[in-house]
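Single-structure report; data block below.
The values are calculated or read from the model by the stated rules, or taken from the named source; none is laboratory data. These numbers come from a predicted model, not from an experiment. Virtual Cβ from ideal backbone geometry, glycine too; neighbours counted across all protein chains shown. Surface accessibility is based on the protein's heavy atoms, side chains included, excluding ligands, DNA and RNA. Shrake-Rupley method; radii C 1.70, N 1.55, O 1.52, S 1.80 Å.
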Amino acid sequence: MSKEVTIDTSGIYYKELNEQINEIIKDNPDLERITLNNVLGQRFIGNGISKNNLTIVINGIPGGDLAMFMKGPRVEVYGNADHAPGNTLDEGKVIIHGSSGDATGHSMRGGSVYVQGSVGYRSGIHMKEYKGKTPVLVIGETAGDFLGEYMAGGIIINLNIQSEDTEFVKNSMLGTGIHGGVIYIRGKVNESQLGVAADIKEFKKEDLEKITYYIEDYCNEFNYSDEIKNKLLNSNYTKIAPISSRPFKKLYTPDIR
Amino acid sequence: MCGIIGFMSKKGRLIKGDKIAKALDSLRDRGNGEGSGYVGYGIYPEYADKYAIHVFIDNTVDFPQIKSKVEEILQRYGIIVKDEEIPVDDSVIKKEHISWRFFYEMDEKYAEIEEDKIVEMVIEINSKIDGAFIFSSGKNLGVFKAAAWPDEVAKYFKLDTYEGYMWLSHARYPTNTKGWWGGAHPFNLLGWSVVHNGEITSYGTNKRYVESFGYECNLLTDTEVVAYLFDLLSRKHKLPIEYVIGALAPRFWKDIDNMDDEKRKICEAIRMTYAGAAMNGPFAIVIGTNQGLVFSNGEVDNKNDMLGFTDRIKLRPLVAAEKDDLLFISSEEAAIRLICPELDRVWMPDAGKMTIARFEE
């Protein structure tokens, strides 16, 4: 019975690795920390693990769908993640000390994903809220196009730390098809950068209150100085939210019931 | 799905084929064992100025007849300097086709239209000779592919016995058409080699477009047309490479409207002139290029380059990385790190824009 286990994952196929992790969790009910060294491309790490007070440390480059369906654990990645980390995450926290690929935070319905660097295209796609759960995706640097595509709930915060809050961001098709949830972007957004169904709303005091906790928490996770934290908290944000909860209503046949 | 990885030494350093095979094998889950392939540039230094023609010939009793039909067409325009079976280890996979290579020299009288003649012969052999098709026809390069897993194809063709300065590879997950040897990537014509992850949903339009210029699509898969589009736009029409990419993955009209006058006129002209070449659907493509690539600033590259690009709305992944003289393009960063753990720079290229590796002079 151990509290900490370390695995050298060199050359271990993803399926075996994930089976091994599940066995370890089963055999060690008091387990608090699994460290995976030399991770290189193994997919689905943390997939479906339902356990609180467990930290999974990943040293290396995990493959796609990291922490998929996960409920509870904290995952820390020291490296870049591939596509869709946090896919359908239920509870827990994914901290990526690097960048991540397309569709980061895909279909999250709870928990949080913090990315220190940039994320690929379609991040936050299909994020949704579920009962009392609100998923949160915080992006340190830039995001690819289609951020928050078909978003149905939750919060995306794109900090664009490297640029000034007076600059226009580069991404376009922001919030295409969004019908719930909210996207906060540090910096300016032109109407032409919005996707269909997305709207720019006034960034109010309650919005700042809503994101303050996450910005503070994000800065603590990545050890950012108070100076950076204050800069982020005192920045201008653009709030993007849905035009309506059913933007494509007109495209469907009328309800004939 | 589908997995892609390619790399190039910008200094022309020769690297053994086992490296690319190792990297591609790590992407095996992006394929399904129904097609894997490699292309190495610079692998035939002894015959560097000859066309290296790789042909699959059916492994049946008709083999000698089919082979002599191929020879007959080749000998019409030039001479076969050397020919032999490509060495294979047939304990790895079933030898469905015999892979034959011809080192070929075109008759001097065709010097002006040499490449056109090669294209013509490739089309003729692939469409007219039953049981034979050419899958590689460039100089100092060679494609090796089969309907099997990445490691099997590498072992079968003894990839570790070749050295090249640029390698492209692909693990296939066939979706719309069956997996077979000819359907595996890369697709090659002259110096162009194409590997592709995704679907060209505009295939019908693109096929009809290249067919109107005499190309014939015989390989039962969408990617083939990309090689012909490149040959047509870049080699035949001599479009600068930036405009070729602009034709295949055109800028959106709404973006064109916001451009300055000169750029807008060029983009409009390309969209209108090359409407039949515009590719739709999800794709990430990496291409080994022909000699004589032209750039819009007037520069001409006389060596092979490697370039990668995705569809405009980025429905497929593409990662690029650099380490010293090496430039990598892949579907996943992990595949790059497997063969080069320490990288100077890793980035995800913007959708619809090309990333290019060129030789350093």
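Can you give me the number of residues within the stretch A:102-122 that are of a type outside the set (Gly, Ala, Ser), within 14 Å of chain B (Cβ to nearest Cβ) and open to solvent by less than 20 Å² (accessible area, probe 1.4 Å)?
The number of residues fulfilling the criteria is 3.
Could you check how many residues of the stretch B:252-282 are within 14 Å of chain A (Cβ to nearest Cβ) and open to solvent by less than 60 Å² (accessible area, probe 1.4 Å)?
Residues in the stretch B:252-282 being within 14 Å of chain A (Cβ to nearest Cβ) and open to solvent by less than 60 Å² (accessible area, probe 1.4 Å): 4 in total.
Condition (residue is farther than 27 Å from A:TYR218 by Cβ and of a type in the set (S, T, N, Q)) applied to the stretch A:31-42: is it met by at least one residue?
Within the stretch A:31-42 (the criterion being farther than 27 Å from A:TYR218 by Cβ and of a type in the set (S, T, N, Q)), the answer is yes, since at least one residue qualifies.
For A:GLU221, only one of the following conditions fails: (1) of a type outside the set (A, V, I, L, M, F, W, C); (2) over 19 Å from A:LEU137 (Cα atoms); (3) in contact with a strand residue (DSSP E or B) (Cβ under 7 Å, 6 or more places away or on another chain). What is its number?
So the condition that A:GLU221 fails would be (2).
Are there any pairs, at least 6 apart or on different chains, whose C-beta atoms fall under 7 Å, with the first in the stretch B:72-99 and part of a loop (DSSP other than H, G, I, E, B) and the second of a type in the set (Val, Ile, Thr), and if so, which?
B:LYS95/B:VAL88
Considering the stretch A:81-98 alone, what residues qualify as being within 11 Å of the chain's Cα centre (by Cα) and within 14 Å of another protein chain (Cβ to nearest Cβ)?
Hits for the stretch A:81-98 are A:ALA84, A:PRO85, A:ILE96.
Taking the stated definitions as given, is A:VAL136 β-branched (Val, Ile, Thr) and either in contact with a Leu (Cβ under 8 Å, 6 or more places away or on another chain) or within 14 Å of another protein chain (Cβ to nearest Cβ) (or both)?
So A:VAL136 fails the test.
Can you tell me which residues in the stretch B:326-353 are within 11 Å of another protein chain (Cβ to nearest Cβ) and of a type in the set (A, V, I, L, M)?
Across the stretch B:326-353, the qualifying residues are B:ALA334, B:ALA335, B:ILE336, B:LEU338, B:ILE339, B:LEU343, B:VAL346, B:MET348, B:ALA351.
Name the single residue that is nearest to A:LYS133 (Cα to Cα) among those in the stretch A:43-61 being within 14 Å of another protein chain (Cβ to nearest Cβ) and open to solvent by less than 10 Å² (accessible area, probe 1.4 Å).
A:ILE45
Scan the stretch B:81-101 for residues that are open to solvent by less than 40 Å² (accessible area, probe 1.4 Å) and either over 20 Å from B:TYR156 (Cβ atoms) or of a type in the set (S, T, N, Q) (or both) and report the count.
1
Are any residues in the stretch B:5-16 crowded, with 23+ Cβ neighbours inside 10 Å and either of a type outside the set (A, V, I, L, M, F, W, C) or within 14 Å of chain A (Cβ to nearest Cβ) (or both), and if so, which ones?
If the condition is that a residue be crowded, with 23+ Cβ neighbours inside 10 Å and either of a type outside the set (A, V, I, L, M, F, W, C) or within 14 Å of chain A (Cβ to nearest Cβ) (or both), then B:ILE5, B:GLY6 are the ones that fit.
I'd like to verify a number: residues in the stretch B:306-325 that are over 16 Å from B:PHE283 (Cα atoms) and either surrounded by fewer than 22 Cβ atoms within 10 Å (Cβ to Cβ) or within 14 Å of chain A (Cβ to nearest Cβ) (or both), how many?
Counting residues in the stretch B:306-325 that are over 16 Å from B:PHE283 (Cα atoms) and either surrounded by fewer than 22 Cβ atoms within 10 Å (Cβ to Cβ) or within 14 Å of chain A (Cβ to nearest Cβ) (or both) gives 5.
Could you go through the stretch A:151-158 and let me know if any residue there is touching a helix residue (DSSP H, G or I) at 6+ places or on another chain (Cβ under 8 Å) and over 28 Å from B:PHE283 (Cα atoms).
yes
Output yes when any residue across the stretch A:12-20 is assigned to a strand (DSSP E or B) and within 22 Å of B:PRO317 (Cα to Cα), and no when none is.
No, every residue in the stretch A:12-20 fails to be assigned to a strand (DSSP E or B) and within 22 Å of B:PRO317 (Cα to Cα).
Given the options B:VAL286, B:VAL294, B:VAL300, name the one that is free of Cβ contacts under 8 Å to residues at least 12 places away in the same chain and under 26 Å from B:VAL143 (Cβ atoms).
B:VAL300
For (1) open to solvent by 60 Å² or more (accessible area, probe 1.4 Å); (2) in contact (Cβ under 8 Å) with a residue 40 or more places away in the chain, each residue gets a yes or a no:
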site: A:TYR150; (1), (2): yes, no
site: A:GLY154; (1), (2): no, yes
site: A:LEU159; (1), (2): no, yes
site: A:GLY181; (1), (2): no, yes
site: A:ASN190; (1), (2): yes, no
site: A:LYS210; (1), (2): yes, yes
site: A:ILE215; (1), (2): no, yes
site: A:SER235; (1), (2): no, yes
site: A:THR253; (1), (2): yes, no
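Can you tell me which residue within the stretch A:62-80, out of those that are within 24 Å of B:ALA320 (Cβ to Cβ) and open to solvent by 10 Å² or more (accessible area, probe 1.4 Å), is farthest from the other protein chains (Cβ to nearest Cβ)?
Looking at residues that are within 24 Å of B:ALA320 (Cβ to Cβ) and open to solvent by 10 Å² or more (accessible area, probe 1.4 Å), I get A:TYR78.
Going by the conditions given, is B:LYS238 open to solvent by 20 Å² or more (accessible area, probe 1.4 Å), free of Cβ contacts under 8 Å to residues at least 60 places away in the same chain, in a helix (DSSP H, G or I) and more than 14 Å from every other protein chain (Cβ to nearest Cβ)?
Criteria not met by B:LYS238.
For the stretch A:123-148, name all the residues that are in a strand (DSSP E or B), open to solvent by less than 10 Å² (accessible area, probe 1.4 Å) and farther than 15 Å from A:GLY98 by Cα.
A:VAL136
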